[in-house]
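Please read the structure below before turning to the comments.
The values are calculated or read from the model by the stated rules, or taken from the named source; none is laboratory data. In this text the structure is predicted, and so the values were computed from the model without any measurement. Heads up, the Cβs are rebuilt from the backbone with ideal geometry, glycines too, and the neighbour counts pull from every protein chain shown. Areas reflect the complete protein model, heavy atoms only, side chains present, ligands, DNA and RNA absent. Shrake-Rupley method; radii C 1.70, N 1.55, O 1.52, S 1.80 Å.
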Amino acid sequence: MDIRNVLIITGKEMRESIKNRWFVLYTVSFSALAILILFIAGGGGEIAGFSGYGRTAASLINLVLLFVPLIALVTGAIGISNERENGTLHYLLSHPVTKAEVLTGKFIGVLVPIWFSISLGFGLAGVGVALKGGAGNVSGYILTALMSGLLAAALLSVGFVVSVYSGKSSKAIGISVFLWLVFIILGDLGIMGTAAAMDLGIKQLFILAVINPAEVFKISSVLILSPRFEILGPVGVYAVRTFGKEGLMILLISIMALWTFIPLALAYISFSVLRREEL
């Protein structure tokens, strides 16, 4: 793989992302809502006993769960399909670049602007906390932002799998929105419904929870911010007692890494080996 080709494609994708009005709207909305949350986070919340950075980070968890998966899945889904639909993918591959270089460059070129948006939202809210004289768990605040970045990478990889298999961007966007609903909206309901219908035990419930990257982000963020793991409920108590707090964090980060690399590898295999119509 020629790193120079990857960097050229990465730069092209970053410039296109910055010009994309949906990406700009997402960045502005996420940052504005992060600042708004900063001012309303002073009230009581689900995670009680926090102030300053800890309370703001806890309040940002739901905002991250709403915005980050959606933008990661949608932008990933149109990464290849949009170029295929416009006919520019064939033109791009007519140059002396490999499909691995194209896929890698596009993935990094989309991921970096998403990370910039997340950093901007957390950064502005963090500056606001500092200006208000807030204190608290600064390291937990930074770790929550980093876990948000991992969540973005994981679901961007899933979006690229959708993109590789989709001939049109509209179809890819539809599938990605459906996946967003499955991961975010139906995730909790699915776990509760399956647990009630199949009378699952704590161990099965924990396995069911950690196969969803959104649930992995939620559990890890609460674990980072709260010394009281009882907040996670019976499943959290089981997980902490089984793996220990540090062991559970390593497990959750490893799962998030697998959610990044496995779909990306699947996208690469499909793009390079199975789909050969661009050759």
(request) Please name all residue pairs, on different chains or six or more residues apart, with Cβ atoms under 9 Å, provided the first residue is in the stretch 60-74 and is in contact (Cβ under 8 Å) with a residue 12 or more places away in the chain and basic (Lys, Arg) and the second residue is open to solvent by less than 10 Å² (accessible area, probe 1.4 Å) and not in a helix (DSSP H, G or I). (result) none
(message) Need the failing condition index for Met147 against (1) closer than 30 Å to Arg4 by Cβ; (2) buried (at least 22 other Cβ atoms within 10 Å of the Cβ), just the number.
(response) (1)
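Yes/no matrix, rows are residues, columns are (1) part of a helix (DSSP H, G or I); (2) out of contact with any Leu (no Cβ under 7 Å at 6 or more places or on another chain); (3) over 20 Å from Ala130 (Cα atoms):
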| residue | (1), (2), (3) |
| --- | --- |
| Lys12 | yes, yes, yes |
| Leu25 | yes, yes, yes |
| Ala34 | yes, no, no |
| Phe67 | yes, yes, yes |
| Glu101 | yes, yes, yes |
| Phe107 | yes, no, yes |
| Val110 | yes, no, yes |
(request) Inspect all residues belonging to the stretch 80-100 and state whether any of them is among the hydrophobic types (A, V, I, L, M, F, W, C), within 12 Å of the chain's Cα centre (by Cα), buried (at least 24 other Cβ atoms within 10 Å of the Cβ) and within 24 Å of Ala214 (Cβ to Cβ). (result) no
(message) If I filter the stretch 49-58 for residues that are open to solvent by 40 Å² or more (accessible area, probe 1.4 Å), touching a Ser or Thr at 6+ places or on another chain (Cβ under 7 Å) and either under 21 Å from Leu151 (Cα atoms) or assigned to a helix (DSSP H, G or I) (or both), do I get at least one hit?
(response) no
(request) Within the stretch 113-135, track down each residue that is open to solvent by 50 Å² or more (accessible area, probe 1.4 Å) and within 26 Å of the chain's Cα centre (by Cα). (result) Trp115, Phe116, Ser119, Leu120, Leu124, Val127
(request) Being loosely packed, with under 14 Cβ neighbours inside 10 Å and either of a type in the set (A, V, I, L, M) or under 17 Å from Val158 (Cβ atoms) (or both) is the filter; apply it to the stretch 191-232 and report the residue that is modelled with the highest pLDDT. (result) Ile211
(message) Would you confirm, using the coordinates I've provided, whether Ala77 is surrounded by fewer than 24 Cβ atoms within 10 Å (Cβ to Cβ), of a type outside the set (Ser, Thr, Tyr), in a helix (DSSP H, G or I) and touching a residue at least 24 places away in the same chain (Cβ under 8 Å)?
(response) no
(message) Among the residues of the stretch 150-175, what is the count of those that are within 14 Å of the chain's Cα centre (by Cα) and either open to solvent by 10 Å² or more (accessible area, probe 1.4 Å) or at pLDDT below 90 (or both)?
(response) 2
